[in-house]
Amino acid sequence: MSELRPDKPARDTSAVDEIGWTGGVMRVLRRVTRLVEVNVLVLLGALAGGVVLGLWPAVRAAGVLLLDGDPAESPWRPFWREWLAGWRRANVLGAPLTIGGAALLLDLAVLGQLDGPGRAALQLGLILVGAWGAVVLAYWPRVVLRYDRSALDTWRFLLLSPALGPGTAVGAVVVLGVCGLVAYVVPLLGLLAGIAVPLWLTGLMVDERLNRMDEISRPDDVRRPSAG
């Protein structure tokens, strides 16, 4: 048995603590840098497709980078690889979002011309539809990426998604609302990471919800561990 040696100085852990502290700071900086990079790539991806045909492939590719990509890897090539790979499907499944967004803008223009009860009723309807649409938008990138279903099946699920996970729906609306408010108050932050931050945060919530749903819907013989 070895003897205790009180004369031996204790190991200095300050260097280790410093490494841990600086390592945490570097991880945060890498995350912030990645958010800014992805935000810029989304804008470039949208412009590359003339906005209408580039936005949804860019959003899909950004979701891959933020939630599935390697933070240490440069995002440039993976982004454009995903942008090209998912271009057709993203545009097909994103078309209803484009049409819905245009319809909401038109309704907002009509709202400005109304007065009285008609204005109040339309305003309430737009708030409800806008909140529901925000949740659908939060689900869209992860659903499009995770499931290879037909456009009809995908959109049937997307339209029902707010009702299938009320907690996730409320969380997504809160995140999108806070991010929108921050971008309005501090436009520079909105310009630097106004797309990537809500896409990342809502993606985390949606992924957790989809994982639970997949676990529930998985057959018992698949979920049950083998006896061996």
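Which angle between 0 and 90 degrees, to the nearest 10, do you get for helix 76-85 versus the longest principal axis of the chain when only C-alpha atoms count?
With both axes taken from Cα atoms, the answer is about 40 degrees.
Expressed as an acute angle from 0 to 90° and rounded to the nearest 10, what is the orientation of the C-alpha long axis of helix 166-185 relative to the principal long axis of the chain?
Computed tilt is about 90 degrees.
Grab the DSSP H runs of the chain that are 4 residues or longer, score each as -39,500 (n - 2.57), total them, divide by all residues and round the 222 nm result to the nearest 500 deg cm²/dmol.
-27000 deg cm²/dmol
Go through E215, E82 and list them by solvent-accessible area, largest first, probe radius 1.4 Å.
E215, E82
Across segment 93-105, in residue order, what do the Karplus-derived ³J(HN,Hα) couplings come to in whole Hz, using 6.51 cos²θ - 1.76 cosθ + 1.60 with θ = phi - 60° and x for Gly and Pro?
Once rounded to whole Hz, the list reads 7, x, 4, x, 5, 5, 5, x, x, 5, 5, 5, 5.
Note the listed values (1) 102, 33, 26; (2) 87, 53, 39; (3) 111, 42, 25, then indicate which one is Cα extents along the principal axes in Å calculated from this particular structure.
Given (1) 102, 33, 26; (2) 87, 53, 39; (3) 111, 42, 25, the calculated one carries the label (2).
Tell me whether segment 89-197 comes out rounded, prolate or oblate; compute the Cα gyration tensor, take square roots of the eigenvalues as a ≥ b ≥ c, and use a/c under 1.5 as the rounded threshold.
Judged from the Cα gyration tensor, segment 89-197 comes out oblate (a/c at least 1.5, b/c at or above a/b).
Which residue, chosen from I216, A193, M205, occupies the Cα position most advanced towards the positive end of the dipole of the chain, where the dipole is computed from +1 (Lys, Arg) and -1 (Asp, Glu) charges on Cβ about the Cα centre?
I216
Just to confirm the number: angle between the C-alpha axis of helix 55-68 and the first principal axis of the chain, 0 to 90 degrees, nearest 10?
Once rounded, one gets 20 degrees.
Name the residues whose placed amide hydrogens come within less than 5 Å of the amide hydrogen of G54, ignoring near sequence neighbours (fewer than 5 apart) on the same chain.
G49
Under a Cβ-only charge scheme (Lys and Arg +1, Asp and Glu -1), can you give me the dipole magnitude of the chain about the Cα centre, in debye to the nearest 20?
On the way: 22 positive and 20 negative charges, 75 e Å.
Around 360 debye, computed over the chain.
The values are calculated or read from the model by the stated rules, or taken from the named source; none is laboratory data. It should be emphasised that the depicted structure is a prediction, and the values quoted were computed from it without experimental measurement. Neighbour counts run over all protein chains shown; Cβ positions are idealised from the backbone, glycine included. Just so you know, the surface numbers come from the protein's heavy atoms only, side chains and all, with ligands and any DNA or RNA stripped out. Shrake-Rupley method; radii C 1.70, N 1.55, O 1.52, S 1.80 Å.
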